[in-house]
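**Q** Next up is a structure, given as structure tokens.
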Amino acid sequence: MDQGFRLREATTEDTDVLADVHTRTRTAYYTAGGMPEDQLADPSAWEQRRDAWARVLAAPAPATLVAEDTDGTVIGLLTAGPPHHEDLEASTSYELYQIGVLPRAWGRGVGGALHRKFVTLATTTGCAEGVLECWSSNTRAQRFYARNGWRPDGARRPGPLDHDYVRLRLKLASRSS
């Protein structure tokens with residue numbers, strides 16, 4: 001355990017809890033960015049997220065971890081793998097698909113521990129850089145990633161409320177250094 005929580009690999013038994021944590025973390029950042037909570041409350045969207053997590057956990061490529069409290073309650077998640085961007089090579093780039101931490105666990109080092117695990121996973125694959133997309137209105141995440149060395153690369157795609165998703169990159173130390 002690190003600071004009252006531990007990281008472990010997610011299993012298919014975590015599908016529902018991953019969908020729940022994903023739903024609650026995205027609600028926190030979208031509402032903080034100005035989206036009305038009622039726009040996020042569609043019950044069918046939760047089912048779609050659950051189905052997506054089931055597919056992620058069944059696939060061999062993505063790495064998916066959870067952060068658990070001392071009582072075993074999942075308070076955060078990480079998923080990462082080969083890049084989804086056509087202009088990036090899997091041999092050089094590793095994508096951070098998502099770090100999500102429940103608001104009640106903010107400030108406890110959970111996000112930092114998950115980020116360090118991402119860096120370890122990425123460097124183990126031999127990749128020279130990490131890549132991720134972040135909603136431009138998610139200022140909390142923007143600050144977190146900037147503190148950890150991530151920089152915008154200029155790529156953007158449309159997001160909710162006319163606020164783009166921005167792509168960030170992180171230079172990784174080579175395994176030989």
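**Q** Tell me which strands (runs of 3 or more DSSP E) are completely within the stretch 85-177 and hold 2 or more residues being in contact with a Ser or Thr (Cβ under 8 Å, 6 or more places away or on another chain), or say none if there are none.
**A** On the way: elements: 93-101, 129-135, 151-157, 165-171.
Filter on the stretch 85-177 gives 93-101, 129-135, 165-171.
**Q** Considering the stretch 60-83 alone, what residues qualify as being part of a loop (DSSP other than H, G, I, E, B) and either free of Cβ contacts under 8 Å to residues at least 12 places away in the same chain or β-branched (Val, Ile, Thr) (or both)?
**A** Filtering the stretch 60-83 for residues part of a loop (DSSP other than H, G, I, E, B) gives 60-62, 70-73, 82-83.
Selection gives 60, 70, 71, 72, 73.
**Q** Could you tell me which numbered condition residue 18 fails, if it satisfies all but one of (1) open to solvent by 50 Å² or more (accessible area, probe 1.4 Å); (2) farther than 18 Å from residue 159 by Cα; (3) part of a helix (DSSP H, G or I)?
**A** The one condition residue 18 does not meet is (1).
**Q** Hey, another quick one. Please verify whether the stretch 138-146 includes one or more residues that are more than 23 Å from residue 103 (Cα to Cα) and not charged (D, E, K, R). Lay out the reasoning, then the answer.
**A** Taking the stretch 138-146 first, the residues more than 23 Å from residue 103 (Cα to Cα) are none.
Within the stretch 138-146, not a single residue is more than 23 Å from residue 103 (Cα to Cα) and not charged (D, E, K, R).
**Q** Let me ask you something else. Considering the stretch 86-105 alone, what residues qualify as being more than 14 Å from residue 61 (Cβ to Cβ) and either surrounded by fewer than 14 Cβ atoms within 10 Å (Cβ to Cβ) or small (Gly, Ala, Ser) (or both)?
**A** 86, 87, 89, 100, 104, 105
The values are calculated or read from the model by the stated rules, or taken from the named source; none is laboratory data. On a predicted model such as this, the values are computed, not experimentally measured, just so you know. Cβ coordinates were reconstructed from backbone atoms using ideal geometry, including for glycine residues, and neighbour counts include every protein chain displayed. Accessible surface is based on the protein model in full, side chains and every heavy atom, while ligands, DNA and RNA are left aside. Shrake-Rupley method; radii C 1.70, N 1.55, O 1.52, S 1.80 Å.
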